[in-house]
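Read-outs: derived from the displayed coordinates by stated rules, not from any lab. Everything quoted here is computed from the prediction, not taken from an experiment. In this analysis, Cβ positions are derived from the backbone assuming ideal geometry, glycine residues included, and neighbour counts consider all displayed protein chains.
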Amino acid sequence: MRREAMRHRLTEEFFARHSTVVAPDLIGKLLVVGECSGRITEVEAYSGADDAASHAYRGRSSRNDVMFGPAGHIYVYFTYGMHFCANVVTDTVGVANAVLLRAIEPIDGIEQMVNRRGRSDNLTNGPGKLCQALGLDRSDNGASLLSGEIGIYDDSWPDRSAGRAIVVSPRIGITRAVDFPWRWQLAAERNERNERRRPGGSRTP
DNA sequence: CAATCGATGATCT
DNA sequence: GATCATCGATTGG
């Protein structure tokens, strides 16, 4: 059975909902960028109008312009003078909703990810890291997820996310609207060392 | 293990 | 001039 046969690319309808609805739905989906792919394991929702932490909170600008556009496109921004972060634009035109991709589990193209990252561990467990591993940068800002080489897929096999819980918590790395519980992540697998620091997490089987 | 800090440049005040 | 949806090295317990 060919793997491609099990994949179904997400359409505009999937993305055309509020970011807080799309975000948990993205957990477990397959992010594909060229020959690389990975399963989405951590996301955060941002909602321009009501969310002081959103880049779009204070209105439209050249930087956040893509977020005001149609759903199903990618908003890539440059931050801290050296990192890129990637978001999925959701909701409708004029409403600046987006979902920040914070972590994936690498599946395909791992060798290329290792080359781009310059190391073989912690390839994609952070928003800046996954962009570097996948080669996403400002040239990808505004690209469509609905066709072309960047896309998100439903992938029923082999799905290592099946049966794992989804954990909800406040967003991290922000200083405003810090209490919004708008971060969703896949619970870690046993022995998985791919997640961020969590309390009491040193076990030796 | 956790907490702190420097890098580095675009964007906003 | 300050801030920043971060990362990785370093420092300290």
Between the range A:36-65 and the range A:121-184, what is the C-alpha centre distance in whole Å? 12 Å
Loop by DSSP (not H, G, I, E, B), at most 11 other beta-carbon atoms within 10 Å: where is the longest site-free stretch of chain A for GluC sites (Glu not before Pro)? A:36-148
Can you pull the semi-axes for the range A:83-130, root of five times each eigenvalue of the Cα gyration tensor, sorted largest first, whole Å? 27, 10, 8
What Kirkwood hydrodynamic radius, in Å, does the range A:9-98 give when the mean of 1/r is taken over all pairs of distinct Cα atoms and then inverted? 13.4 Å
Mind putting a number on the dipole of chain A about its Cα centre? Charges go on the C-beta only, +1 for Lys and Arg and -1 for Asp and Glu, and I need it in Debye to the nearest 20. 680 debye
For chain A, built as a Gaussian network whose Cα springs stay under 10 Å, the top-fluctuating residue of A:LEU31, A:LEU136, A:LEU101: A:LEU136
Considering only DSSP states other than H, G, I, E and B, which trypsin sites (Lys or Arg not before Pro) in the range A:64-161 qualify as loop sites with at most 12 other Cβ atoms within 10 Å? A:ARG119
Using only DSSP helix segments of four residues or longer, with each worth -39500 (n - 2.57), what per-residue ellipticity at 222 nm results for chain A after dividing by its residue count and rounding to 500? -3500 deg cm²/dmol
Calc'd 3J(HN,Hα), the range A:70-80, phi into Karplus 6.51 cos²θ - 1.76 cosθ + 1.60 (θ = phi - 60°), Hz, glycine/Pro = x, comes to x, 5, x, 10, 10, 9, 10, 10, 9, 8, 6
Report the relative contact order of chain A, percent, no decimals, based on alpha-carbon pairs under 8 angstrom and at least 6 residues apart. 26 percent
Report ³J(HN,Hα) in whole Hz for each residue of the range A:140-146, in order, from the Karplus equation J = 6.51 cos²θ - 1.76 cosθ + 1.60 where θ = phi - 60°; Gly and Pro get x. 9, 4, x, 5, 7, 8, 7
Report ³J(HN,Hα) in whole Hz for each residue of the range A:97-105, in order, from the Karplus equation J = 6.51 cos²θ - 1.76 cosθ + 1.60 where θ = phi - 60°; Gly and Pro get x. 9, 7, 10, 6, 7, 9, 7, 9, 9
Plugging the Kirkwood radius over Cα pairs into Stokes-Einstein for the range A:134-188, at a temperature of 4 °C and a viscosity of 1.567 mPa s, what D comes out in µm²/s? 89 µm²/s
Using only the alpha carbons of chain A, determine the length spanned along each of the three principal axes and report them from longest to shortest in whole angstroms. 50, 41, 33
